[in-house]
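Notes for the one structure printed next.
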Amino acid sequence: MSQKAIIFDLDGVIVDTAKFHFLAWKKLANDLGFDFTKEQNEELKGVSRVDSLKKILNWGNKELSEEEFNRQMQLKNENYLSYVNEMDKGEVLPGVQKVLDYLEENNIPYALGSASKNARHILEKIDLKDGFSAIVDGTDVSKAKPDPEVFLIAAEKLNVAPQKCIVFEDSVAGVQAANKGEMTSIGIGEEKTLHEADYIFNDFTEISIEFLKNLLQK
């Protein structure tokens, strides 16, 4: 088996923290006097915290001073972390553990490539941190997806050529980042949204060990 490596996004791939982000952003919007919908939350997938808040304020026709903007961002993160702190291994999405077990049994290195600045903390809460050969999160990058920076740094840390990396992503920006980095992209989610990916599955329960084996041997 030629040396290949896997890079996972975190939110929407290994765990679903989108529900926590939604609750935290909704509270922020409600506190500022307007509503925030699940449809709007979908538009924030893969978007940084700063840009997410800018979008939300735009939707609510609100303007904040720089000081208040930063305060609201901090409040949102504290609120979000209060949900994260309640997480445990039960939050790992169905089918993910089977894939991780296969990679470990076959000595296939895998890394995390996430925009989340809370990624390491989340991996600790769900008891998966030790399995990752490399972790690249929002504290390590300066360019957001669809820029491939996060995945290229992960490939470098794994000491594997980008072309030998396989990326699991649930966002359009993430799939585009993997493609720009010349990596194999696997979309987790709806085909109509992630049609730019090389392969698409609704979730990890659809991914067979046979598929993984073939992909790693290509």
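The apolar share of the surface of the chain, taken as the fraction of accessible area on carbon and sulfur atoms (1.4 Å probe, ligands and nucleic acids excluded), comes to 45 percent. Per-residue packing, averaged as other Cβ atoms within 10 Å, sorts the ranges 134-143, 149-158 into the order 149-158, 134-143, beginning with the highest. Sorted largest first by accessible area at a 1.4 angstrom probe radius, with every protein chain in place, the residues Trp25, Trp59 fall in the order Trp59, Trp25. Kirkwood Rh over alpha-carbon pairs of the chain, then Stokes-Einstein at 4 °C and 1.567 mPa s: what D in µm² s⁻¹, rounded to an integer? Roughly 73 µm²/s, to the nearest whole number. Dividing the summed -39500 (n - 2.57) terms of all DSSP H runs of n ≥ 4 by the residue count of the chain sets its mean residue ellipticity at 222 nm at -13000 deg cm²/dmol. Reported to the nearest whole Å, the Cα centre-to-centre distance from region 23-45 to region 47-110 is 14. Of the GluC sites (Glu not before Pro) found in region 1-92, the ones in coil according to DSSP and having at most 11 other Cβ atoms within 10 Å of their Cβ are Glu63, Glu86.
DSSP beta bridges fully contained in the chain are about 5 percent antiparallel. In the chain, a dipole from Cβ-located charges (positive for Lys and Arg, negative for Asp and Glu) runs towards its positive end, and of Tyr83, Leu28, Leu64 it is Leu64 whose Cα lies farthest in that direction. Rounded if a/c is under 1.5, else prolate if a/b is larger than b/c, else oblate: which is region 163-218, with a ≥ b ≥ c the root eigenvalues of its Cα gyration tensor? Note, shape of region 163-218 comes out oblate. Surface exposure of the chain, expressed per residue as accessible area with a 1.4 Å probe, stands at 49 Å².
Once backbone amide H atoms are built at 1.01 Å from N, Val92 has no partners under 5 Å, excluding neighbours fewer than 5 places away on the same chain.
The mean sequence separation of alpha-carbon pairs under 8 Å and at least six residues apart, normalised by the residue count of the chain, gives a relative contact order of 25 percent. For region 62-169, what does the alpha-carbon gyration tensor say about shape, rounded, prolate or oblate, given a ≥ b ≥ c as the root eigenvalues, a/c under 1.5 as rounded, and a/b over b/c as prolate? Here region 62-169 falls in the oblate category.
The values are calculated or read from the model by the stated rules, or taken from the named source; none is laboratory data. Everything quoted here is computed from the prediction, not taken from an experiment. Backbone-built Cβ (ideal geometry, glycine too); neighbour counts: all protein chains shown. In case anyone asks, the SASA skips ligands and DNA or RNA and just uses the protein heavy atoms, side chains included. Shrake-Rupley method; radii C 1.70, N 1.55, O 1.52, S 1.80 Å.
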